[in-house]
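Note sheet for the following structure.
The values are calculated or read from the model by the stated rules, or taken from the named source; none is laboratory data. Keep in mind that what you see is a predicted model, and the values were worked out from it rather than measured. Neighbour counts are summed over all protein chains in view; Cβ atoms, including those assigned to glycine, are modelled from backbone coordinates with ideal geometry.
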Amino acid sequence: MSVEVRNIIKQFGRFPALHGVSLKVESGELVALLGPSGSGKTTLLRIIAGLEFPDTGEGRVLFYGEDVTDMPVHKRRAGFAFQHYALFRHLDVFENIAFGLRIRSHRTRPRESEIRESVEKLLKLVQLESLAKRFPSQLSGGQRQRVALARALAIEPKVLLLDEPFGALDAKVRKELRHWLRQLHEEIHVTTLFVTHDQEEALEVADRVAILREGRIEQIGTPEEIYDYPATPFVYDFLGNVNAFAGRVHDGSVEIGESKFAAPETVGRGDTDAIAFVRPHDIHVTRRPGGPAKLAARVVLCHAAGPLAHLELERLDNGGRFTVELSKEQLHQLAPKPGERMFVELRNVKIFPEDYSI
Amino acid sequence: MEAIAAIHAARPAAQPARRSPTAESPFVRWLLIGSALVFLSLFLVVPLLAVFVQAFAKGPGFYLKTLTDPATLSAIKLTFLTIGIAVPMNCIFGLAAAWAITKFDFPGKNILTTLIDLPFSVSPVISGLVYVLVFGAQGWFGPWLVAHNIRVIFAVPGIVLATTFVTFPFVARELIPLMQAQGRADEEAARVLGSGGWQTFWRVTLPNIKWGLLYGVTLCNARAMGEFGAVSVVSGHISGGTDALGTNTIPLHVQSLYDNYNQTGAFAEASVLTFLALVTIALKAWIERKEARLKL
């Protein structure tokens, strides 16, 4: 039950949307397509559904190994959920879900009792049994998206494609639905591809994450791989809060200003300019100066809302700002005051050569 | 309970009367409402009443006699025949044009959008004249039509053509903004669910635009019934009789009665058209209410 795309190229007028994207989603897998707007993720999803077609003859779409590139959209049996739900406003919840079954030709259409049965099963699955007779306009955003999902699942799709499914919802409902989607996937195990620009959502829900940038897949891997071993500065930056320090690499260490930090992956590399990336929770702050392994900085701001505190610091040597994440206890122990001088130690420094830019 | 009610009742009195920032002073308000009412009654209600008063000036007997006159009946029949052909045609053309413009991208789309408005911007008399120049005896297709014994100008086909042309924009104009606002997502959703092209149209597109379409058809119908200028040019003003359908529609026949110094008769027949117009307005109001409720 795998879904595969090979070498998809797509251009809208003069704007290139996809430059030869290949991707394979294994049977029962939940893969997130993550990227900023304009990266081509929605276009890729629409090409898989059959709502758009790849430009050149080389681009292929395969469902279970069968080539469906030239198959029209209504024959593909792909379940699709739209960002703005696209529910049929003249039909109630029940009829919206039943739509895909009712429009089948006489020969393949299930009997009325069977339609009723499968719609009721789906209503239960999406926890909307009591709202079967409501119209879309009488539902909340979260409820509408669940109806849209049930409607997509009603046709027993070969693949489920979700286009920013929670994009139009508020933060709290997004979180709830995210967990619910993961649970739903555990239950029904349909091969799923979902598009999002929210890295947290992708890392939390997906089995694997594909990061798109300007029509190319930048990196693909499990959330852990992607987060811990970002392949490019773009991925590093896109996955969230990161500090960039300009420096020079020299055989296993990186010099930032007057200070020197370990960078094991550069062993054997000559003297070059480089960008060092450090996540905010990989920076340790103390008051004790510690020689060349520490960087001097001044406290600018301190936000303490939420379970973690964030400290904004300014380097004393060149005024560059960076953020440090620390626990509430660490913050209480440290008790920093704005303007105070501190020393920071960088851990897990990730080096990319200077010519990369984010 | 009583205490609460008392508090609620007392509250407006306790506060100094405050106007909302956009409300005018009572004087200005009454001046505006009053002038609007005076204007309405002078220019709309009085003429409307005048039609019916004049129609019955010679008593109900004369009124009935006028309406049952073969020429009047023929005019009414021709008007219904004309709208019976022109309105469904424009319904289909309008739908097709709106569909093409809003759901597809093709070269010449902007030109088509502009062309749809052409009948609104051209004087109806000119529209009629154009048909005479094309289909008339001296026109482009005139000799061919004469040779094949087909009459367009000064006959029913010409009247239907002129009416169709003049009323073409109503349905399309009503549907284009509506369908643009609705986008293509619903149709896409239906297609992905396995729906073919026609099924998508009948089960998704048409229900979505149903009220807008009906509204456009109502407006188109109202205009088609009352069209005078274009029809007048192509008609030839032949009064109908018991055995033959003339080329006078209701508005043309009203004019011909009036020109023959039968003022009461003219108003009697005008009252039929006025009555139909009132029915149309009622229908339009009902559709607007339905449409508004659907948008909630």
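Looking at B:202, B:211, B:198, just one residue is in a helix (DSSP H, G or I), in contact with an Asp or Glu (Cβ under 8 Å, 6 or more places away or on another chain) and among the aromatic types (Phe, Trp, Tyr), and that residue is B:211.
When the strands (runs of 3 or more DSSP E) confined to region A:1-97 are screened for residues that are among the aromatic types (Phe, Trp, Tyr), those reaching at least 1 such residues are found at A:3-12, A:15-25, A:60-63, A:78-81.
The set of residues in region A:54-79 that are more than 24 Å from the chain's Cα centre (by Cα) and within 14 Å of another protein chain (Cβ to nearest Cβ) comprises A:68, A:71, A:72, A:73, A:74, A:75, A:76, A:77. Just so you know, in region A:246-284 the residues that are without any contact (Cβ under 8 Å) to a residue 60 or more places away in the chain and closer than 20 Å to residue A:341 by Cβ include one that is surrounded by the fewest Cβ atoms within 10 Å (Cβ to Cβ), and it is A:258.
Checked against the criterion of being under 20 Å from residue A:240 (Cβ atoms) and surrounded by fewer than 12 Cβ atoms within 10 Å (Cβ to Cβ), region A:310-317 contains not a single residue that satisfies it. For residue A:123, the criteria (1) within 14 Å of chain B (Cβ to nearest Cβ); (2) assigned to a helix (DSSP H, G or I); (3) among the hydrophobic types (A, V, I, L, M, F, W, C) hold in every case but one, which is (1).
Listed here are the residues, each with its yes/no results for (1) within 27 Å of residue B:214 (Cα to Cα); (2) surrounded by fewer than 17 Cβ atoms within 10 Å (Cβ to Cβ); (3) under 15 Å from the mean Cα position of the chain (by Cα); (4) free of Cβ contacts under 8 Å to residues at least 24 places away in the same chain.
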site	(1), (2), (3), (4)
B:251	yes, no, yes, no
B:256	no, no, no, yes
B:263	no, yes, no, no
B:273	yes, no, yes, no
B:291	yes, yes, no, no
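State yes or no: is residue A:46 among the basic types (Lys, Arg) and either within 14 Å of another protein chain (Cβ to nearest Cβ) or closer than 16 Å to residue A:162 by Cβ (or both)? Criteria met by residue A:46. So is residue A:134 charged (D, E, K, R), within 14 Å of chain B (Cβ to nearest Cβ) and either surrounded by 15 or more Cβ atoms within 10 Å (Cβ to Cβ) or on the phi < 0 side of the Ramachandran plot (or both) or not? Yes, satisfied. Could you go through region A:30-51 and let me know if any residue there is more than 28 Å from residue B:183 (Cα to Cα), in contact with a Lys or Arg (Cβ under 9 Å, 6 or more places away or on another chain) and at pLDDT 90 or above. Scanning region A:30-51 turns up at least one residue that is more than 28 Å from residue B:183 (Cα to Cα), in contact with a Lys or Arg (Cβ under 9 Å, 6 or more places away or on another chain) and at pLDDT 90 or above. If the condition is being over 23 Å from residue B:227 (Cβ atoms) and part of a helix (DSSP H, G or I), then region B:115-144 contributes B:142, B:143, B:144.
Screening region A:290-304 for residues that are under 19 Å from residue A:326 (Cβ atoms) and of a type outside the set (Gly, Ala, Ser) and picking the one that is surrounded by the fewest Cβ atoms within 10 Å (Cβ to Cβ) gives A:303. Looking across region A:193-215, just one residue is basic (Lys, Arg) and under 13 Å from residue A:31 (Cβ atoms), and that is A:208. Within region A:295-352, the set of residues being in a loop (DSSP other than H, G, I, E, B), in contact with a Phe, Trp or Tyr (Cβ under 8 Å, 6 or more places away or on another chain) and hydrophobic (A, V, I, L, M, F, W, C) comprises A:349 only. Taking the listed residues B:231, B:130, the one that is away from every other protein chain (no Cβ under 14 Å), touching a Ser or Thr at 6+ places or on another chain (Cβ under 9 Å) and modelled with pLDDT under 90 is B:231, with no other qualifying. Taking residues in region A:175-188 that are closer than 15 Å to residue A:81 by Cα, and partners anywhere that are of a type in the set (Lys, Arg) and crowded, with 20+ Cβ neighbours inside 10 Å, the pairs with Cβ atoms closer than 8 Å and at least 6 places apart or on different chains are A:177/A:146.
For region A:77-84, the criterion of a residue being buried (at least 22 other Cβ atoms within 10 Å of the Cβ), touching a residue at least 60 places away in the same chain (Cβ under 8 Å) and out of contact with any Pro (no Cβ under 6 Å at 6 or more places or on another chain) is satisfied by at least one position. Filtered by the rule that a residue be farther than 23 Å from residue A:181 by Cα and either out of contact with any helix residue (DSSP H, G or I) (no Cβ under 9 Å at 6 or more places or on another chain) or without any contact (Cβ under 8 Å) to a residue 40 or more places away in the chain (or both), region A:219-245 gives A:219, A:228, A:229, A:231, A:232, A:233, A:234, A:235, A:236, A:237, A:242, A:245. Only residues that are among the small types (Gly, Ala, Ser) and either within 12 Å of residue A:88 (Cα to Cα) or in a loop (DSSP other than H, G, I, E, B) (or both) were counted across region B:161-195, and they come to 6. Among residues of region A:33-60 that are at positive phi, those with a beta-carbon under 7 Å from a residue that is crowded, with 23+ Cβ neighbours inside 10 Å and assigned to a loop (DSSP other than H, G, I, E, B) at least six positions away or on a different chain give the pairs A:40/A:215. Just wondering, is there one or more residues in region B:74-90 that are touching a residue at least 12 places away in the same chain (Cβ under 8 Å) and more than 30 Å from residue B:172 (Cβ to Cβ)? Looking for residues that are touching a residue at least 12 places away in the same chain (Cβ under 8 Å) and more than 30 Å from residue B:172 (Cβ to Cβ), one finds at least one in region B:74-90, hence yes. Remark: pairs (first residue in region B:92-118, over 18 Å from residue B:215 (Cα atoms); second residue small (Gly, Ala, Ser); Cβ separation under 7 Å; 6+ apart in sequence or on different chains) = B:112/B:97. Would you confirm whether any residue within region A:106-117 is in a loop (DSSP other than H, G, I, E, B) and at the interface with another protein chain (Cβ under 9 Å from one of its Cβ atoms)? No, the conditions are met nowhere in region A:106-117. When each of B:108, B:84 is tested for being modelled with pLDDT of 90 or more and surrounded by fewer than 15 Cβ atoms within 10 Å (Cβ to Cβ), the lone residue that passes is B:84. Being within 14 Å of chain B (Cβ to nearest Cβ), touching an Asp or Glu at 6+ places or on another chain (Cβ under 9 Å), farther than 18 Å from residue A:190 by Cα and surrounded by 15 or more Cβ atoms within 10 Å (Cβ to Cβ) is a description that does not apply to residue A:174. Taking region A:141-174 as the range and being free of Cβ contacts under 8 Å to residues at least 24 places away in the same chain and closer than 15 Å to residue A:122 by Cα as the test, only A:143 passes.
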